[in-house]
Amino acid sequence: MVSADQASDGYSAVFFMDGSNVSRQMRATEFGAFLDGYVGLSDLAETDVRAVLVNLGGDLLVRSLVFFRIYFDEEGRADSHWNIPIEKLALVGAKGPDMGAGPIRLVCRSQCPDPAVAPELWDPDMTPGSNTFQFIRKAIEANSLKFRKVEPAQEEQIPTLAAEPPQAETADRARLAQLIREQRLRIKTLQSVHRDSLADIQREHRLEMQALRSEMSALEQKYERQRLSNEQLKTRLAERNEQYLTMQEQIARNAEQDVRQDANSDAEMVLIREQLERKKRELEVRDEKIVALEQENYDLRHQEPVENSVMEQLQRQSVFLVAYHAGVGHLTLPYEDIETYFRNPVAYAAERCGLNEPAYREWLEHYENPVCLHPGDDGEPCGEPVMRVSQPADFQAGTDDRCEKHREPVTA
């Protein structure tokens, strides 16, 4: 956990960095709420954030900085396993740059008192124009977190008799020592950046090598498939060549046989032509007979009835015949339909019902004996009485001539 915003001698805050810029600021207690999982940051979901613990004095000058990493999950909540003791590290950090109140205590990846924690830290950028310390100082001076500045008490100057080195010499030594520390820190951070860059390059190289190996493996597999395909094609081509040679030999043999058969074929062709001519003459005679029979049939159908015959009386007296058929009722037969009717009365009645003859006969069988016709195991019909359908057009075979037990479902 992180200590309270204001200790007895200053304040604590956490800055989130985007490159060298400060992208987000919060008091230590607010950061503690993130660590406890009370709230999340949706815009940081699945992000490895670079952060800085900033400890300030009451005068709002930096006393210590700890550069650490923290991961936010897919819901924007801080990693529940994160347990870097950044407050303790801030107390034992080595001297860093002077940010207004003398050298700060600095903890970063290149300058960490606990090597086991170093991989979880990061190094500030000290390149001119993108110096991380300068951006942190500007953010503190803006004081967006509204820390109250405490003015230092004026101390009474008490003269001493001890000999003191000249102030200029002391200031030069302090500046020189600070410059040396900053240069050493710059060298360490540059070395760290170099190591990180080298690691990134090596990682990219490994990924490229893996991709090349995968591509090489895919090409080898493709080559192997192509080789097998070529071998199969060669085998099929050889088989086709064998088949071609066999066919050539067969054609040559057939040609020889054809030459020998040509003489016989000519004689057979003459015989076939004679047979065709004979069949043609037979067909012509048959066609003539058919025409004569059709004319005779027409004459019979349209000739006047024999004098003093029943048909002659029916035609002359305009008498109509009346026939009765189930499902149709009484049919009045005009003279022109009498011959048609007597040739097939059932077909005539079926036509008047709008049915074909087989459908009408099925209904007629049902009408005359309305029983279930479902065949049993012995081949005999069921024989169970069913409701009679009086209209032929309403009858459905397989349904209306079946009892409830054997009835087929009616389709739409």
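The values are calculated or read from the model by the stated rules, or taken from the named source; none is laboratory data. These numbers were taken from a predicted model, which means no experiment stands behind them. No Cβ is skipped: glycine too gets one built from the backbone with ideal geometry, and neighbour counts run over all protein chains shown. Keep in mind that these areas ignore ligands, DNA and RNA; they rest on the heavy atoms of the full protein, side chains included. Shrake-Rupley method; radii C 1.70, N 1.55, O 1.52, S 1.80 Å.
Net charge near M209, counting Lys/Arg +1 and Asp/Glu -1 over other residues with Cβ under 12 Å of its Cβ?
0
If you wrap a convex hull around the C-alpha atoms of region 41-163 and split its volume per residue, what is the figure in Å³?
Dividing the Cα hull volume of region 41-163 by its residues yields 170 Å³.
Which of the three applies to region 202-295, rounded, prolate or oblate, going by the alpha-carbon gyration tensor with a ≥ b ≥ c and a/c under 1.5 meaning rounded?
oblate
Please list 3J(HN,Hα) in residue order for region 349-360, calculated via the Karplus relation 6.51 cos²θ - 1.76 cosθ + 1.60 where θ = phi - 60°; whole Hz, with x for glycine and proline.
Computed from phi, the couplings for region 349-360 are 5, 4, 4, 5, 7, x, 10, 7, 4, x, 5, 5 Hz.
Using only protein heavy atoms and a 1.4 Å probe, report how much of V322 is accessible, in Å² to the nearest 10.
That residue has around 90 Å² of solvent-accessible surface.
Students often forget the sequence filter, so: which lysines lie under 20 Å Cα-Cα from K138 once same-chain residues fewer than 8 apart are removed?
K146, K149
Give me the lysines in straight-line cross-link reach of K280: C-alpha distance below 16 Å, same-chain residues under 8 apart excluded.
Partners within reach: K289.
Label region 32-108 by shape, choosing from rounded, prolate and oblate, from the square roots a ≥ b ≥ c of the eigenvalues of the Cα gyration tensor; if a/c is under 1.5 it is rounded, and otherwise prolate applies when a/b is larger than b/c, oblate when it is not.
Judged from the Cα gyration tensor, region 32-108 comes out prolate (a/c at least 1.5, a/b above b/c).
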